[in-house]
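Structure first, then comments.
What follows is calculated from the coordinates using simple rules that are stated; it is not laboratory data. Quick caveat: nothing in here was measured; it's all calculated off a predicted structure. Here the Cβ positions follow ideal geometry from the backbone for every residue, glycine too, while neighbour counts run over all protein chains shown.
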Amino acid sequence: MVSVVTPSSPAAEQKVILHDISWETYERLLAEHDPGPGIRFTYDEGNLQIVVLSTRHEMPNRLLALLVEVIAGEWKLAVLQAGSVTLKRPDLHKGFEPDTCFYFRHIEHVMSKEKLDLTEDPPPDLVIEVDISRPSLNKFPLFAAVGIGEVWRYDTRRVYVHLLEQGRYVESPESKLLAPLTADQISRFVIDGLGEPRRYLWMERVRHWARTNR
């Protein structure tokens, strides 16, 4: 069965959800169509979601990724951005490309890897998820299954921070990895950044916040 989301405007995501898809078919699609920066494949026990990204999706994604980099730099934190690397657990029949992911720990272990094998390698510590169209495959069970400790989810209105606790995600008022950065402050930075064409001015405001809140 196929569910297709028809975009409401040229800027919206194009999304299709397929059901009863084998793991072998998912692997073949990955091999034939490199996910790259413009497309995401999400597989969860027979359900396959394919999303063709848009500017409307990528702008907040890039802002949030830059926010992490700038604040971590100001605070002298070791961080490795792994982008939208494909993360798979064949034993669980789960696989996905996050919009952006980061390692704060185990950096030395993963930075030399050409491909990550989550049956052996540690998962990213932070995943950024931009979800701007419905319906959408619920990715939180996938994130939990591979052990993603923190998820930032943006839905066009604000950013929500979710922390993994005892196998389930709990909404949190602030980031654990970048405390005391709150979900409200992250949301304000995104709104500010989306309305500021001069990126260097936005980055200066982020740096000022980081210097005065550490």
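Below is a table of values for the structure above.
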item: Computed over the stretch 54-212: relative contact order in percent, which uses C-alpha pairs under 8 Å that are six or more apart; result: 20 percent
item: Share, in percent, of DSSP beta bridges within the chain that are antiparallel, nearest 5; result: 90 percent
item: Extension reserve of the Asn213-Asp155 stretch, reckoned as 0.36 nm per residue once the Cα distance is removed; result: 18.3 nm
item: Inter-site label distance for Asp117 and Glu196 at 7 Å from Cα along Cβ, in nm; result: 4.4 nm
item: Stretchable slack from Ile39 to Val170, in nm (0.36 nm times residue separation minus alpha-carbon distance); result: 44.4 nm
item: Helix runs (DSSP H) in the chain reaching 27 Å along axis by Cα, Kyte-Doolittle at least -1.0; result: 55-74
item: Kirkwood-based Rg to Rh ratio, the stretch 121-214, C-alpha trace; result: 1.00
item: Burial order of peptide ranges 52-61, 24-33 (average beta-carbon count within 10 Å, highest first); result: 52-61, 24-33
item: Backbone HN-Hα couplings from phi across the stretch 110-116 [Karplus 6.51/-1.76/1.60, Hz, Gly and Pro as x]; result: 9, 5, 9, 7, 7, 9, 9
